[in-house]
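The values are calculated or read from the model by the stated rules, or taken from the named source; none is laboratory data. Note that the coordinates shown come from a computational prediction; the quantities given were computed from them, not determined experimentally. Ideal geometry is used to build each Cβ from the backbone, glycine not excepted, and the neighbour counts take in all protein chains shown. These area figures cover heavy atoms from the full protein model, side chains too; ligands, DNA and RNA do not enter into them. Shrake-Rupley method; radii C 1.70, N 1.55, O 1.52, S 1.80 Å.
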Amino acid sequence: MKLKCIIIDDEPIARKVIQEFIQEIDFLELIGEVENPLKAMSLLDNNAIDIIFLDINMPKINGLDFLKSSKVNANVIMTTAYADYAVDAYSLDVLDYLVKPISFERFLKACNKAKEISELKKITTGEQNKINDHFFIKCDKIIEKIYYDDLIYAEALLNYVMLYTNSNKKIVYVTMKSLEGQLPGDIFIKVHKSFIVNKNKIKSIEGNMLDMGIALITISQNLLQEVLSEILKDKMIKR
């Protein structure tokens, strides 16, 4: 299976370099290339895009503002001449951040990461159709089975996610958005841009703080009412 990708970059030379890199990778298929995000909307609407190679500084709307204002389901790999925006980009759940000039080796590494996520989604989806009590994820070159009941919470840390389980913690190189998409909403809830928690593992709630037993997690102020309503739904004994 090939991963469908598009290039969004206002520099013709930069687009040509990425296009040539894509041609060298047998699991990638280039669907189109455009010079700004607005022109990419039809490509995204009419194709199941797996990877977006996205520049930052572009006319009309920059790459980061595009991610903030649009619901993008594809894995996003930033391709920019500026290293300064990495933290902002990772906070928007981009998969990787490549600084120009980009070497083919670094480009391939980012694409392999996207391929691994795609393969894990297929494995997880297939397994969930059989017994919906676990998921698979790659941890340090090993694909591990993690039971939902064993996962206490997940924390996004720049370009990776830390999973805290009943027995240990695991570093996984996926985006928070990708992980959230794999976890069942009846068990897990996103309470902050950096935290997803297992609702069944919450010990107590005080203000906007969740006691998870092994840590205190802050509920984001803009999500507070929604999160509390979901957590306490049909669970609160009334006076």
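Does residue 147 count as of a type in the set (Ser, Thr, Tyr), touching a helix residue (DSSP H, G or I) at 6+ places or on another chain (Cβ under 9 Å) and open to solvent by 20 Å² or more (accessible area, probe 1.4 Å)? Answer is no for this residue. Of the residues making up segment 201-229, those that are assigned to a helix (DSSP H, G or I), of a type outside the set (Val, Ile, Thr) and touching a strand residue (DSSP E or B) at 6+ places or on another chain (Cβ under 8 Å) are 201, 223, 228.
Residue-wise test of (1) within 29 Å of residue 86 (Cα to Cα); (2) open to solvent by 60 Å² or more (accessible area, probe 1.4 Å); (3) free of Cβ contacts under 8 Å to residues at least 24 places away in the same chain.
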{"site": "162", "(1), (2), (3)": "yes, no, yes"}
{"site": "167", "(1), (2), (3)": "no, yes, yes"}
{"site": "179", "(1), (2), (3)": "yes, no, no"}
{"site": "188", "(1), (2), (3)": "yes, no, no"}
{"site": "207", "(1), (2), (3)": "no, no, yes"}
{"site": "219", "(1), (2), (3)": "yes, no, no"}
{"site": "222", "(1), (2), (3)": "yes, yes, yes"}
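Residue-wise test of (1) of a type in the set (A, V, I, L, M); (2) under 23 Å from residue 179 (Cα atoms); (3) at pLDDT 95 or above.
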| site | (1), (2), (3) |
| --- | --- |
| 14 | yes, no, yes |
| 17 | yes, no, yes |
| 23 | no, no, yes |
| 44 | yes, yes, no |
| 69 | no, yes, no |
| 75 | no, yes, no |
| 80 | no, no, yes |
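When 60, 39 are checked against the criterion of being in a helix (DSSP H, G or I) and open to solvent by 70 Å² or more (accessible area, probe 1.4 Å), 39 stands alone in meeting it.
Selection of segment 42-57 for residues being of a type in the set (S, T, N, Q), in contact (Cβ under 8 Å) with a residue 24 or more places away in the chain and either farther than 22 Å from residue 86 by Cα or crowded, with 20+ Cβ neighbours inside 10 Å (or both) yields only 47.
Scanning segment 190-200 for residues that are in a helix (DSSP H, G or I) and open to solvent by 40 Å² or more (accessible area, probe 1.4 Å) returns a single hit, 200. Beta carbons closer than 6 Å, at least 6 apart along the sequence or on distinct chains, pair a first residue in segment 135-160 that is more than 17 Å from residue 198 (Cβ to Cβ) with a second that is part of a loop (DSSP other than H, G, I, E, B) and open to solvent by 50 Å² or more (accessible area, probe 1.4 Å) for 160/173.
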